[in-house]
Amino acid sequence: NNPDESAGEKYTTGEVEPANKNKPCKNNPLGITRLFLGNLPFTVSEPTLNAHLNDTITHIKWITDKTTGKFYGSAFVEVRNSKDAAKAMKEINGSLLMGRPIKINYAPMRPGEEKDWPPKSKVITGGKVANAGGGQAGGKGLKAM
């Protein structure tokens, strides 16, 4: 099963009601559900990253070079709810993923981003030719937005 075939679908596992999604909680008083992940392995795939975050990711935006489409080793992810985000910050930040210690930070929404986040597709990239050669951030076939 090619993970890219479902790029337009959303995860449904463990989704919460919208009213509770951004509910403030311990270690996340602002109720943030978007995280910035850095120092990711260049060959990480969507399923591998989601498994590392305990199957809580609902959307991923891979950060790629706009000119070359090469993956930078970082991404924005949306998780199911504020508790999942707090747990990732506390328990997964600094953990090894494919031999690299990943960095996780809260990524609060900036003014004007409401219409763009979360994205319409669960996986998007940022460059014109992102992943054209395959192997980076989700494998072959993902089209850049």
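Data table
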{"quantity": "Residue in the stretch 111-127 that is surrounded by 17 or more Cβ atoms within 10 Å (Cβ to Cβ), of a type in the set (Lys, Arg), within 22 Å of residue 55 (Cβ to Cβ) and modelled with pLDDT under 80 present", "calculated": "yes"}
{"quantity": "Checklist (1) polar (S, T, N, Q); (2) closer than 21 Å to residue 118 by Cα; (3) modelled with pLDDT of 95 or more; (4) over 14 Å from the mean Cα position of the chain (by Cα) applied to residue 95, failing item", "calculated": "(2)"}
{"quantity": "Subset of the stretch 26-42 [modelled with pLDDT under 95 and assigned to a loop (DSSP other than H, G, I, E, B)]", "calculated": "26, 27, 29, 30, 31, 32, 33, 42"}
{"quantity": "Whichever residue in the stretch 47-88 is closer than 19 Å to residue 20 by Cα and of a type in the set (A, V, I, L, M) and, among such residues, is surrounded by the most Cβ atoms within 10 Å (Cβ to Cβ)", "calculated": "85"}
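The values are calculated or read from the model by the stated rules, or taken from the named source; none is laboratory data. Bear in mind that the values here come from a model prediction, so they are computed numbers and not experimental data. With ideal geometry, Cβ positions are generated from the backbone for all residues, glycine too; neighbour counts draw on all protein chains shown.
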